[in-house]
1. Looking at region 218-266, which of its residues are within 18 Å of residue 184 (Cβ to Cβ), open to solvent by less than 30 Å² (accessible area, probe 1.4 Å) and of a type outside the set (A, V, I, L, M)?
2. I'd like the full set of residues that are among the hydrophobic types (A, V, I, L, M, F, W, C) and open to solvent by 50 Å² or more (accessible area, probe 1.4 Å), limited to region 142-158.
3. Name the single residue, out of those in region 267-282 being surrounded by 18 or more Cβ atoms within 10 Å (Cβ to Cβ) and among the small types (Gly, Ala, Ser), that is nearest to residue 189 (Cα to Cα).
4. For region 187-209, what are the residues that are under 26 Å from the mean Cα position of the chain (by Cα) and more than 22 Å from residue 225 (Cβ to Cβ)?
5. Given the condition touching a strand residue (DSSP E or B) at 6+ places or on another chain (Cβ under 6 Å), under 22 Å from residue 74 (Cα atoms) and assigned to a helix (DSSP H, G or I), answer yes or no: does some residue in region 125-145 qualify?
6. If you go through region 61-84, how many residues are more than 24 Å from residue 283 (Cα to Cα) and either β-branched (Val, Ile, Thr) or surrounded by fewer than 20 Cβ atoms within 10 Å (Cβ to Cβ) (or both)?
7. Under 6 Å between Cβ atoms, which residue pairs at least 6 apart in sequence (or on different chains) link something in region 21-32 that is surrounded by 15 or more Cβ atoms within 10 Å (Cβ to Cβ) with a partner that is modelled with pLDDT under 95 and hydroxyl-bearing (Ser, Thr, Tyr)?
8. Inspect region 136-146 for any residue being of a type in the set (A, V, I, L, M) and in contact (Cβ under 8 Å) with a residue 12 or more places away in the chain and give the result as yes or no.
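The values are calculated or read from the model by the stated rules, or taken from the named source; none is laboratory data. Treat the numbers as computed from the prediction; the structure is a model and nothing was measured. Here Cβ is always computed from backbone atoms with ideal geometry, including for glycine, and neighbour counts include all displayed protein chains. SASA here: full protein model, heavy atoms, side chains in, ligands and nucleic acids out. Shrake-Rupley method; radii C 1.70, N 1.55, O 1.52, S 1.80 Å.
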Amino acid sequence: MKKNLIILSIAVLALSSCKQFKKGEGDMMYKIHEDKEGATIQEGDFVSLNAIQKTEEDSVIYNSYDYDRPALLLREKSAFQGDLFTAIGMLSEGDSATFKINIDSMTTKMGMPRPANIKGQYMVYTIKVNKVIPKGKSTEQAFQSQIDGFLKAEQDKAKNSEAGRMKDYIKKENLKPTVTASGLNYVITKKGNGPVARAGDTVEVNYTGKFLSGKVFDTSLEEVAKKEKTYMQGRPYQPIKVPVGVGSGIIQGWEEALLLLPEGTEATLILPSRLAYGEQGSPQMIPPYAPLVFDVQIVDVIPAKATPAPAAK
């Protein structure tokens, strides 16, 4: 009898959960989690938000929290009734909600083929609005000035919290890194017995780059790329060859580490942003003031070719 009651309770709970979604414009469904007072987001407004995009089967496609920064956008004109910009237009600063956007409507209205590997009727977006800068009747110059001021404040916040975030990461992962004078943190997980590169040598290295969240943004290993869903068809997944000590353009943390680690070594590098991509970041991938983690394997150290002595006159 108790078992039947439990099953009935679960069924009722599931049914009530489904009913929490309401019908929105077009084919969109929505559920409001937090509703703050304030004007809703209008076309042309600047928005800072966190978003998680998933399939109905709970497969995560995008998660802004992985990148340690919110997503930034201007609310554009809706491409079709019930699209994501329609959804965003229902919210104001401080609001959070989950939206189900019909995949067939999305692909048909925008002239795109339906993704072959995505099942279900909806794409699911959970959104938390952090900041809204209304365009209103502001001039372009005044509007852009407000946006620049917000971005500067966000960068200052990231810069000032960087050391604390690195410390928290090292504590959470229970690491005991060696710390160099430059601020490079590294942990040797497997000590190699080969030679150590000198300036002018070339180091062949496998690597996986991650944010402090653990999100992988790049790797030379095919199995890691497939597991982390960063795999790109046609890209060669193999060790890369890096000249060291000759100003080859690699980030400073790599330059230093590759001159420290013997051939055969496997190590984890934790780099403050000044040893990585700094205050500029890397377009479309690394935000400003982002500390990074690299798992590296020194595959080979290739000595520089000796320069022949000049012939005697």
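1. 253, 254, 262, 265, listed by residue number.
2. Those that are among the hydrophobic types (A, V, I, L, M, F, W, C) and open to solvent by 50 Å² or more (accessible area, probe 1.4 Å): 151, 153.
3. Among those that are surrounded by 18 or more Cβ atoms within 10 Å (Cβ to Cβ) and among the small types (Gly, Ala, Ser), it is 267.
4. Selection gives 187, 188.
5. no
6. Qualifying residue count for the region: 5.
7. 27/105
8. Within region 136-146 (the criterion being of a type in the set (A, V, I, L, M) and in contact (Cβ under 8 Å) with a residue 12 or more places away in the chain), the answer is no, since none of the residues qualifies.
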